[in-house]
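For reference, the structure is listed below as structure tokens.
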Amino acid sequence: MKLLVVNGPNINLLGLREPKIYGNKNYCDLLRYLEKLQSELNIKIDHFQSNHEGDIVDTIQDSYKKYDGIVINPAAYTHTSVAILDALKAVNIPTVEVHISKVSERENFRQINFIREYVIKSFEGFGIEGYKYAIEYLKDYLNNQ
Ligand code: DQA
């Protein structure tokens with residue numbers, strides 16, 4: 001089983017950015033965490049982060065026939081990007097959404113979510129542990145298909 005974890009803008013600044021909202025763990029900690037999960041769960045996990053919408057769209061397009069599942073935190077693009085939604089729909093790979101913060105309890109503009117209509121499941125407000133929940137959920141989902 002091969003999964004791709006995609007992170008959007010400013011996720012590379014974890015640890016530095018608004019620690020009260022996003023916690024103290026930095027992006028390297030997140031990558032180390034994914035590596036640990038990879039061996040614990042015995043699945044291959046690749047990762048990608050970009051601050052650019054088009055690069056995220058390209059990466060989703062490139063994942064066609066390469067990955068069994070996608071875990072995505074589109075960050076701010078969650079609330080703006082029809083292009084990312086369309087790319088996910090196009091490749092039609094089972095996808096789980098993660099948000100580090102509890103987005104549903106934040107500002108009104110964050111209540112708009114373009115990718116929710118496509119994803120099979122969303123996890124929010126669990127810090128970087130949310131990625132673990134998403135990966136475990138996707139693993140179970142794919143094993144039961
Ligand atoms: C986020 C929530 C988004 O609203 C925000 O723009 C982010 C991160 C989260 O992980 O909580 O950059 O996706």
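Ranked highest first by average number of other Cβ atoms within 10 Å, how do 82-92, 96-106 line up?
96-106, 82-92
Computed FRET efficiency, Cβ-Cβ of LYS66 and LEU13, R0 25 Å: what is it to the nearest 0.05?
Here the calculated transfer efficiency is 0.35.
Over the range 2-143, what is the relative contact order in whole percent, taking alpha-carbon pairs under 8 Å and six or more residues apart?
26 percent
Determine the gain in length on full extension of the stretch LEU142-GLU117; use 0.36 nm per residue of separation and subtract their C-alpha separation, reporting nm with one decimal.
So the chain would gain 7.1 nm between LEU142 and GLU117.
Restricting to Cα atoms and excluding each atom paired with itself, what does the Kirkwood estimate give for the range 31-131 in Å?
When all Cα pairs of the range 31-131 are included, the Kirkwood radius is 14.2 Å.
Starting from the Cα of LYS36, draw a straight line to each of the lysines and keep only those under 28 Å, dropping any in the same chain fewer than 8 residues away.
LYS2, LYS20, LYS25, LYS44, LYS65, LYS66, LYS102, LYS121, LYS132, LYS139
Any read-out appearing in this document is the output of simple, stated calculations on the displayed coordinates, not a laboratory observation. All values derive from a computational prediction rather than experimental measurement. Cβ coordinates were reconstructed from backbone atoms using ideal geometry, including for glycine residues, and neighbour counts include every protein chain displayed.
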